[in-house]
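Report on the structure given below.
The values are calculated or read from the model by the stated rules, or taken from the named source; none is laboratory data. For clarity, every value in this text was computed on a predicted model and none was experimentally measured. FYI the Cβ positions are ideal-geometry reconstructions off the backbone, even for glycines, and counts take in every protein chain you see.
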Amino acid sequence: MQDDDLTIGHLQELRRGTVVLACLVRLRTADYGYALLESLNARGITVDANTLYPLLRRLEKQGLLTSEWNTDESRPRKFYRTSPAGEALAAELTADWRRLDDALTRLTTGDES
Amino acid sequence: MTASLTDRYVWAAARSVPEAQRPEFQRELRERIGDAIDAHIARGAAAADAEHAALVELGDPWQLAARYVDRPLHLIGPRYFAAWWRLVKLLLVILVPLSAVGVLLGQVLSGAPIGEIIAEPITVALSVAVHVGFWTTLVFAIAERSATAMPVATWTPEQLPQVRDDARAGRLGDLIGSVVFLAIFAGAIVWQQAGAIFVDGERLPIPVLDPDLWSFWIPYFLVLLALEVAFAVVIYLRGWTWTMAGVNVLLNAAFTVPAVWLFLSGRLLAPEFLDAISWPWPSGGPVVVILTFVFVGIAVWDIIDGFRKAAANRSMPVASVVG
């Protein structure tokens, strides 16, 4: 059991930064909190509501997302969209992700070149 | 109509959010709760159960609000913890003994009863420790929550402590014991001058030691006690050696020989004191013999102990740090 906890802890740590990147990429088309949560989890990016909602708020505060209230339906919903600054950060994070992936691949295959 | 669970939850969470952010926060939270309830209903839950389950998932509203507005959920975080811990330790080490000794001195000088002399410094030391802990923590907890960062001294390699000599750490107990005993002994010698006999709670001006001794012998003994303190500090720093054991013999002899000689020749205790406790000096016979044996016994035991420790020290490898 302890091994399982250990694995879960390390997996969470590994995934932490990827949630930000996933949000920035996914929100190129505007969406609201719950729909984003569902679509990320459906695509295999595991994220908890208690993490995602405060994260959206923080990214908006940092100017990486813009938001707009949609009142067309019975329940008003806040739609988030990636801002130009968010787009730039997403590009940078993606490049770094690829670099890390390459480096890890070289490590596992033992190719020193 | 009574407020729904959702209304109560939103109100409880919004309470701890700064007023400027509150309307937006409440709106966002309602959206989130509404969507979570819908999700539960879609999975086949009854409306009331769905609301309850959704709020359980959200957890403690105060904690949720703290996460939304980035408020720390700890008293002192990693930024200040090291500085806080060092400061608390430093203040405790300085202030607690200082206040205890200060109060002890004040009590002795004002001629307080022995019970108060012991109890008062302990009470004061405890309350100083609690105050130091509380106020330091309060200041750091406020700094943790303030927008502007408090300047904290950056760590440099020069602050590294010397590698501790474990044998010395083991001798610290001996040092504290010796110094406390010697301080109490010296305090008692001064204190008894104003009278050591209490009748119905009233202090009679009868000293234990013959006041004539103040011309030479009492100052002599007090100086010896001071030398003993210095000796204890040197032992703490350097450890026992054969030389130190030899010095210990001299110190013990310098104290015990005159004390026993004064005692046996009837010049140590004040005549008024002997009268007051109705001790028919010098025909005290067995008591005098027993007291003399106790005096000499303590000195001899202390001398033997010194040599024993010097011998034990000899057989152990000397702890040294190459640097």
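Odds and ends about this structure:
- Filtering the range B:61-70 to residues that are assigned to a loop (DSSP other than H, G, I, E, B) and among the charged types (D, E, K, R) leaves only B:Asp70.
- For the range A:75-89, the criterion of being under 21 Å from B:Ile33 (Cβ atoms), of a type outside the set (Val, Ile, Thr) and more than 14 Å from chain B (Cβ to nearest Cβ) is satisfied by no residue at all.
- Contact map, the range B:97-121: first residue farther than 16 Å from B:Pro205 by Cα, second residue of a type outside the set (Val, Ile, Thr) and at pLDDT below 80, Cβ cut-off under 8 Å, separation 6 or more or different chains; pairs are B:Glu120/B:Ala112.
- Scanning the range B:56-70 for residues that are at pLDDT 90 or above and more than 8 Å from chain A (Cβ to nearest Cβ), we see that the one that is nearest to B:Ala36 (Cα to Cα) is B:Val56.
- Test for A:Gly110: is it at pLDDT below 95 and either over 30 Å from B:Ala39 (Cβ atoms) or buried (at least 18 other Cβ atoms within 10 Å of the Cβ) (or both): yes
Per-residue answers, yes or no, for (1) within 25 Å of B:Ala100 (Cα to Cα); (2) of a type outside the set (Val, Ile, Thr); (3) at pLDDT 90 or above:
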| position | (1), (2), (3) |
| --- | --- |
| B:Val199 | no, no, no |
| B:Pro207 | no, yes, no |
| B:Ser215 | no, yes, no |
| B:Glu228 | yes, yes, yes |
| B:Phe231 | yes, yes, yes |
| B:Arg238 | no, yes, no |
| B:Pro258 | no, yes, yes |
| B:Leu268 | no, yes, no |
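- Scanning the range B:113-133 for residues that are surrounded by 13 or more Cβ atoms within 10 Å (Cβ to Cβ), more than 15 Å from B:Trp191 (Cβ to Cβ) and either aliphatic (A, V, I, L, M) or not assigned by TED's automatic domain parsing to the domain that holds B:Leu87 (or both) gives B:Ala119, B:Val124, B:Ala125, B:Val128, B:Ala129, B:Val132.
- Odd one out for B:Phe273, checked against (1) crowded, with 17+ Cβ neighbours inside 10 Å; (2) farther than 30 Å from B:Ala167 by Cβ; (3) modelled with pLDDT of 85 or more: (3)
- Cβ-Cβ contacts under 9 Å between residues 6 or more apart (or on different chains), taken from a first residue in the range A:32-44 that is under 20 Å from A:Asp72 (Cβ atoms) and within 11 Å of another protein chain (Cβ to nearest Cβ) to a second residue that is part of a helix (DSSP H, G or I) and of a type in the set (Phe, Trp, Tyr), are listed as A:Gly33/A:Tyr53.
- Condition broken by A:Thr29, with the remaining ones in (1) hydroxyl-bearing (Ser, Thr, Tyr); (2) assigned to a loop (DSSP other than H, G, I, E, B); (3) buried (at least 16 other Cβ atoms within 10 Å of the Cβ) satisfied: (3)
Residues are listed down the side, and each one gets a yes or a no for (1) of a type in the set (Asp, Glu); (2) part of a loop (DSSP other than H, G, I, E, B); (3) exposed (fewer than 15 other Cβ atoms within 10 Å of the Cβ); (4) touching a Gly at 6+ places or on another chain (Cβ under 6 Å):
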position	(1), (2), (3), (4)
B:His40	no, no, no, no
B:Glu51	yes, no, no, no
B:Pro72	no, yes, yes, no
B:Leu75	no, yes, yes, no
B:Tyr80	no, no, no, no
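- Of the listed requirements (1) of a type in the set (A, V, I, L, M, F, W, C); (2) surrounded by fewer than 16 Cβ atoms within 10 Å (Cβ to Cβ); (3) in contact with a strand residue (DSSP E or B) (Cβ under 7 Å, 6 or more places away or on another chain), B:Ala167 misses just one: (3).
- Among the residues of the range B:10-31, the ones that are away from chain A (no Cβ under 14 Å) and not small (Gly, Ala, Ser) come to 3 in all.
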